[in-house]
1. So, in Å, what gap is there between the alpha-carbon centers of the stretch 312-331 and the stretch 182-252?
2. Past 29 Å, Cα to Cα, is the threshold; run 287/409; 129/279; 64/118; 264/409; 336/411; 64/259 against it and keep the listed order.
3. Using a Förster distance of 56 angstrom, determine the FRET efficiency expected from the C-beta separation of residue 305 and residue 88, and round it to 0.05.
4. Work out the FRET efficiency for residue 296 and residue 160 from their Cβ-Cβ distance, taking R0 = 22 Å, and round it to the nearest 0.05.
5. Pop out the ³J(HN,Hα) list for the stretch 284-300 in order, Karplus 6.51 cos²θ - 1.76 cosθ + 1.60 with θ = phi - 60°, rounded to Hz; leave Gly and Pro as x.
6. From the phi angles alone, apply the Karplus equation (6.51, -1.76, 1.60; θ = phi - 60°) to the stretch 317-333 and give each ³J(HN,Hα) in whole Hz, x where the residue is Gly or Pro.
7. Using only Cα atoms, locate the centre of the stretch 135-151 and the centre of the stretch 23-53, then give the distance between them in Å, rounded to an integer.
8. Place the peptides 331-340, 453-462 in order of packing, highest mean first, counting for every residue the other Cβ atoms within 10 Å and averaging per peptide.
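Rule-based calculations on the coordinates, nothing more; no lab input. Computed from a prediction, not measured in an experiment: that's the story for all the values here. Here Cβ is always computed from backbone atoms with ideal geometry, including for glycine, and neighbour counts include all displayed protein chains.
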Amino acid sequence: MSDARGNGGSDATGGQHDVVIIGAGPGGYVAAIRAAQLGFDVGVVEREEALGGTCVRVGCIPSKALLESSFLYQQARSELSAHGIVADDVGLDLGAMQERRRTVVKQNTDGVAYLFRKHGITRYAGTGKLTGARQVSVTAASGEVTELVAEHVILATGSTVATLPGVELDGETVVSSTEALEFGEVPQRLVVIGAGVIGLELGSVWSRLGAKVTVLEYLDRILPGMDLETAREALKLLKRQGLEFQLGARVTGVKVSGKDGRRKATVEVEGAEPLEADKVLVAVGRKPNSVGLGLEEAGVSLDERGRVIVDAGFATNLPGVYAIGDLVAGPMLAHKASEDGVALVERLAGHAASVDYGLVPAVVYTEPEVASVGRTEEELKEAGVRYRKGSFPFSANGRARSLGMTDGKVKLLADEATDRILGVHIVGPRAGDLIAEAVAAMTFGASSEDLAATIHAHPTLSEALKEAALGALGRALHV
Ligand code: FAD
Ligand code: NAD
């Protein structure tokens, strides 16, 4: 047991624990809480002052705070009149909006610190490094080194921004998502490289606040990996909101010119005219944080993309060393990282726990939202699976009409032979919340008949899901 046990949440001087976790993101901090609940003595090493990782500090939470604020601004400017609300003098105080974002982040990082104290989790402030099979060294900002020993070491160091050859992030004109969350003024022209999740969410934020946003995407579609028909619908709606897209556009370099405060970027695209921008957001994916962690020296195997290789029980090739979250293969999502963490520590406690990676929902928090679970139509076709499809448009849903949010639809795919639901793909209002019902149904192996027989309150957006299930059975009621 650690000398520092009982200091829960505060910096500690070192020692021995049952479990030592490097990284306090949604993978590491949730694993720590669950491990403490299971009776393990837990130490967590985190190099940032605030707990919560990418998601809480510079990812999920701040982006959603800005998405909400910018949505309300855009509603107040152009949508409220349809409700008979006169709001003639709508202005933007970006400073206040950014202050709110910081407050929301702090509420969440403080929340994690509170949970650490509550569960008696010992926090080590500094950079962690694996020094042996069950050994971790922690180097504090002061340079002081603390050695830790643990029965189980969990690597949960997450991921960091990736860039392209010829594109150097300078943190000011050519930026990653972290700086794009913190702009102090609305850029006149924002070029976004990558039409993935970050590009569309942060592109939406700055477009709503007044920037002219152009999204450059290498592929001939947006949101690779998501259902194609659903992604096409989202593209149509985002274009209508004023975002410009150049698909099939391969960025070959970005040049920055001009002096402080008057800098501009020129984005070079293969076979097309270069684009000028005040800011360029590079959103071409993220890479695992596996460098400098002592993994090579300790002999931990990595794959060709630098991810830690683990087996179905999250074990690396080094006994007693495990890895979870963005550091390993799989979708780079907060809830996936947390599920990894919970399943791993439950296994360490002797429970039979696992994660069904076929049922990890994905949500894009644009307006409308895009949400998906299970298999896409493309995947089913490729696998030769025969399926039935039911679709229901929000334009035929009473609640969507009263919200004034009738864009998009629900699509449900069910096995032709067994009727089991194989995939649900939604573009539409609050799709991110609606998808939870599909995930729950699929977790219990539901058929479209099961979903169709479930009573849904009226008038709710969720009725669109029931109607899509009825549609797959050929008996939708309202279309
Ligand atoms: P991380 O959250 O990256 O945490 C790793 C932690 O380890 C960090 O705190 C880091 O400081 C620490 N660390 C790293 N190396 C060391 C070391 N050597 N010593 C000590 N500490 C170390 N996902 C969603 O599901 N929903 C969303 O809405 C969403 N929005 C996002 C928006 C943006 C802009 C970004 C960038 C990401 C978003 N994500 C979202 C992805 C999500 O943030 C990640 O999937 C998630 O944070 C991964 O969790 P993790 O615990 O594996 O790693
Ligand atoms: P992404 O993988 O979602 O999208 C990157 C996009 O960049 C792809 O469409 C890709 O084709 C494109 N691209 C790659 N090279 C290019 C080039 N040379 N020129 C033009 N386009 C190019 O990555 P992201 O948007 O950076 O997000 C990173 C991770 O963070 C993702 O794994 C995502 O799951 C996670 N995230 C999730 C959420 C959410 O759940 N709502 C929000 C933000 C981020």
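1. Between the Cα centre of the stretch 312-331 and that of the stretch 182-252, the gap is 33 Å.
2. Numbers: 287/409 33 Å; 129/279 36 Å; 64/118 27 Å; 264/409 40 Å; 336/411 23 Å; 64/259 33 Å.
In this structure, 287/409; 129/279; 264/409; 64/259 exceed 29 Å between Cα atoms.
3. So the FRET efficiency works out to roughly 0.60.
4. On the way: r = 18 Å, r/R0 = 0.80.
Here the calculated transfer efficiency is 0.80.
5. 10, x, 10, 10, x, 7, 10, 8, x, 9, x, 6, 4, 4, 7, x, 7
6. Computed from phi, the couplings for the stretch 317-333 are 6, 9, x, x, 10, 10, 9, 9, x, 4, 6, 10, 4, x, x, 8, 10 Hz.
7. About 16 Å separates the Cα centre of the stretch 135-151 from the one of the stretch 23-53.
8. 331-340, 453-462
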